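Chemist: Mind having a look at this structure? Questions to follow.
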Amino acid sequence: MAPNKLTMATSAALSDEQMQIRVVWLHFVEGRTQGEIAEALSTNRLRINKIIAEARRSGLITITLNSRLTSCVELEQKLMNAFSLNRAIIVPTPEDPELIPVLLGQAAADYIAQLLSNGGISGIGVGWGATLREMVRHMPSLRAPGVCVNSVMGGLTHGIEINTFDIASDLARQLNAECAYLAAPIYAGSPESRLAIVEQDVFETALQRVAANELIVLSVGDMTERSLLMRYGLPKDVDIDALLAAGACGDVLGQFIDRRGKPIDHSINRRAIAAPLELLHEVPNVIFASGGINKSEVIAAVLLSGLGNVLICDEETARNALEIALKLRGE
């Protein structure tokens, strides 16, 4: 469901308010300098100075922070400290769960636009999903001719707009950038056929391009029918109950992980035509943009895995995921 003009305006206002509260929290509560805040939020000191000045004029700064977003900012700091994240961006959970992808997509678009404005990014890898579709829809039109947007996983055979091919091409169009595909289905018929596919020159080149990305943005899937992969992508010879029995709580890049973020021992992971999970540890910026209470367990697993260094999530889900992850760590 595409957001209407009112929803988009609300999302933009929420994004501005989030930035204001983050700046105020970091400056007045944590005592950071304007230069430190500008670096942490991928912006410049002039903008930070203006935000602080406006916060003083508007009465936002009194004895306490007068915003419903204060709890989100506090949660962001807890997540960053607990899991060594570069950034956590938490938005209030809306009453209508259908709006979660819209709000997270807006936040992801804003953050990626900031990263691009700072330079130093020539490759952006993307996955699939409703949140990434909304990210593309909210991405401002930019000129980034030196950037290549590429898919980091194979796609579905269904022609739906949340497929990896459409997301990669639409994002490249918004950025006026180049585009490259990993032109294959998400799963091969067997581990042996997957090996035969990826050893072809064209796929070796594509996977090398993926490894060279400075930025990868992904979503995650759970084990329910809400998952795109569960609905459309799982091979017919793979039994969901067998995945659950092997410990799967969800997937990253079509590869299933357990509650502690470790790949499960199942042949499906050796059939995935996608970037290997361990490659994510080598990428400077790996963003997981995903939310909804049904994804709490797999988001907790991602936090424990260390596969990403930026989390964009809604407050209720992030708080639940934090509790699950800390409990599994014995804290």
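Please treat every number below as a calculation from the coordinates, not as lab data. Values in this document were obtained by computation on a predicted structure and should not be read as measured data. When we count neighbours, we look across all protein chains shown, and the Cβ atoms used for this are built from the backbone with ideal geometry, even at glycine.
Chemist: Given the peptides 30-38, 320-328, arrange them by the average over their residues of other C-beta atoms within 10 Å, most packed first.
Modeler: 320-328, 30-38
Chemist: While we're looking at this one, here's another question. So, in nm, how far is label Asn81 from label Glu36 when the simple model puts each one 7 Å beyond its Cα toward the Cβ?
Modeler: The two pseudo-label positions are separated by 1.3 nm.
Chemist: Arrange the following residues from fewest to most other Cβ atoms within 10 Å of their Cβ: Lys236, Lys262.
Modeler: Lys236, Lys262
Chemist: Here is a further query. Using only Cα atoms, tell me the angle between helix 70-83 and the longest principal axis of the chain; keep it within 0 to 90° and round to the nearest 10.
Modeler: Here the helix axis deviates by roughly 50 degrees.
Chemist: Something else now. Between Ala246 and Arg45, what FRET efficiency follows from the Cβ-Cβ distance if R0 is 45 Å, with the result rounded to 0.05?
Modeler: E(calc), rounded to 0.05, equals 0.35.
Chemist: With a cut-off of 8 Å between alpha carbons and a minimum separation of six or more residues, what is the relative contact order of the chain in percent?
Modeler: Relative contact order here is 17 percent.
Chemist: Using the number of other C-beta atoms within 10 angstrom as an exposure proxy, rank Asp239, Asp166 with the fewest first.
Modeler: Asp239, Asp166
Chemist: Please arrange Ser42, Ser227, Ser58 by how many other C-beta atoms lie within 10 Å of their C-beta, fewest to most.
Modeler: Ser58, Ser42, Ser227
Chemist: Of the DSSP beta bridges with both residues in the stretch 69-328, give the percent that are antiparallel, rounding to the nearest 5.
Modeler: Expressed as a percentage, antiparallel bridges in the stretch 69-328 total about 25.
Chemist: Principal axis lengths of the chain from Cα atoms, whole Å, largest first?
Modeler: Here the spans come out as 64, 46, 36 Å, largest first.
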